[in-house]
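Notes for the one structure printed next.
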């Protein structure tokens, strides 16, 4: 895969290609946007484009326009298209994460610790071994703990030569401003439903394609997972069960709990929309209309909105390693208070 293969992020790709073309590559970037919309994929292919041994550098673009006499005229203009070949040894090594000048960091047990950043600082203190650039990608950068963030800031203040740091985050507001201010921001946006549909049209039936497009929220990473509807169904059942029963064994791990809370917001959105408008065509989970209606009939709109806000705040606190049992017990009582005897 190359930059040209990334769908729906044309603006972000244009910015990065422009940086390479003008030789104005920043020493640090923040790739910001929802989870699953292509930030990590773009970062990896940007690293490949920077270090590619046989880069794609140009193409011919034909432009057809009308003259004053309305006759059609075809002109040729040069379109600079910076991209990786995805075939050379450098591209292959980066794909496999074995390139000596490519570093990928992700959280372990929900956080990135200072010893990881210090080890990285030692590695990047030397000149590039094979490529022209050393590229560091920090995924879920909002999980940098305080000490790691301070160490990262030091690297940003004194960046080694020919070194690029790319922070990836779906919650960039949680990253210290001192770090964000030293990074060039590149925003990534959810894909329109029609583009998501194009990705899915040969993989699912028409009905499934429409449902998955809506459930994904414009995130191709979600849409292309093979079990999105099944996962939604399982988590929806757990949501309904938690209204009436404490679910201490509901989920495993903090990450799955965060995902569950994200789905809860989607269901509460539908419950509130149906309560406020009665219009079933506005539902995302249209195949769950009856169950959503049953739940919405048992609560006032103000209480549903209050619950949604409270659960949103709880989700944001999960990164501070809240006790799972206490969190689920508290969530159970909140749901029961709002939707008691709804099922």
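The values are calculated or read from the model by the stated rules, or taken from the named source; none is laboratory data. This one's a predicted model, so the numbers in the text were calculated from it and none came from an experiment. No Cβ is skipped: glycine too gets one built from the backbone with ideal geometry, and neighbour counts run over all protein chains shown.
I'm trying to understand the selection: among the residues of region 61-107, which are within 21 Å of residue 128 (Cβ to Cβ) and at pLDDT below 85?
Kept after step one, since they are within 21 Å of residue 128 (Cβ to Cβ), are these residues of region 61-107: 82-105.
Scanning region 61-107 gives a single hit, 82.
On the basis of being in the same structural domain as residue 94 (by TED's automatic domain parsing) and at pLDDT 95 or above, does residue 128 make the cut? Steps first, answer last, please.
On the way: in the same structural domain as residue 94 (by TED's automatic domain parsing): yes; at pLDDT 95 or above: no.
No, not satisfied.
Of all residues in region 40-60, one or more are farther than 25 Å from residue 130 by Cα and either at pLDDT 95 or above or exposed (fewer than 13 other Cβ atoms within 10 Å of the Cβ) (or both). Strands (runs of 3 or more DSSP E) fully within region 112-213 that include at least 2 residues being surrounded by 20 or more Cβ atoms within 10 Å (Cβ to Cβ) and touching a residue at least 24 places away in the same chain (Cβ under 8 Å): 134-138, 163-169.
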